[in-house]
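What follows is a single structure, written as structure tokens, with notes after it.
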Amino acid sequence: SPNPVSRAEAKADGLIQQVVCRAGKCAVCGSTYNLSGHHVVRKAECHGSLYLLRFHPMNLVCMCQYCHIPLGHERREEFDSWLMQNRTDQWEFISTQTRERDGGMTLRTLDNLEAIIAGLNGVLGLPQ
């Protein structure tokens, strides 16, 4: 079975998806079908001092299955342009976060993940 950090990470991943998609529609096309949160800074890039960005609502955009992979992953420059034009505050937040990080220490600890889970549960109105 996974270790406690991996279990907490999986739980936090599920909760952030719920937080980002609670509006119930794709931010790009408005579809309500098969929604998921697209990471602006990909999960694989959220390591070291960027690790906590993986669970930050400003790093995700709710997208339907028809927009997520084609736009979010395959046409990355087009997605970045869309984000800059349609979600300027989110684009600026991501730009600031990635520019100010040095990539040093890891923040993937059980304490950090438990705090993230508690915060996301609070946003969703779930018990702490």
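Structure summary
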| quantity | calculated |
| --- | --- |
| Criterion: assigned to a loop (DSSP other than H, G, I, E, B), among the hydrophobic types (A, V, I, L, M, F, W, C) and within 26 Å of Ala8 (Cβ to Cβ) - qualifying residue of Leu113, Leu107 | Leu107 |
| Any chance Glu77 is of a type in the set (Asp, Glu), within 15 Å of the chain's Cα centre (by Cα) and open to solvent by 40 Å² or more (accessible area, probe 1.4 Å) | no |
| Subset of segment 3-22 [in a helix (DSSP H, G or I) and out of contact with any helix residue (DSSP H, G or I) (no Cβ under 8 Å at 6 or more places or on another chain)] | Ser6, Arg7, Ala10, Gly14, Gln17 |
| Residue check for Trp91: at pLDDT 90 or above, open to solvent by 60 Å² or more (accessible area, probe 1.4 Å), more than 20 Å from Leu124 (Cα to Cα) and hydrophobic (A, V, I, L, M, F, W, C) | yes |
| Pair list, Cβ < 6 Å and 6+ apart or interchain, from segment 27-40 residues that are at positive phi to residues that are modelled with pLDDT of 95 or more | Asn34/Cys64 |
| Residues of segment 23-36 that turn out to be within 17 Å of Gln90 (Cα to Cα) and surrounded by 19 or more Cβ atoms within 10 Å (Cβ to Cβ), as a count | 3 |
| One residue from His38, His68, His73 being at pLDDT 90 or above, over 18 Å from Leu120 (Cα atoms) and either in a loop (DSSP other than H, G, I, E, B) or not aromatic (Phe, Trp, Tyr) (or both) | His68 |
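The values are calculated or read from the model by the stated rules, or taken from the named source; none is laboratory data. None of these values were measured; they are calculated from a predicted model. Every residue, glycine as well, gets a Cβ built from its backbone with ideal geometry; the counts of neighbours run over all protein chains shown. Calculation scope for accessible area: heavy atoms of the full protein, side chains included, ligands and nucleic acids excluded. Shrake-Rupley method; radii C 1.70, N 1.55, O 1.52, S 1.80 Å.
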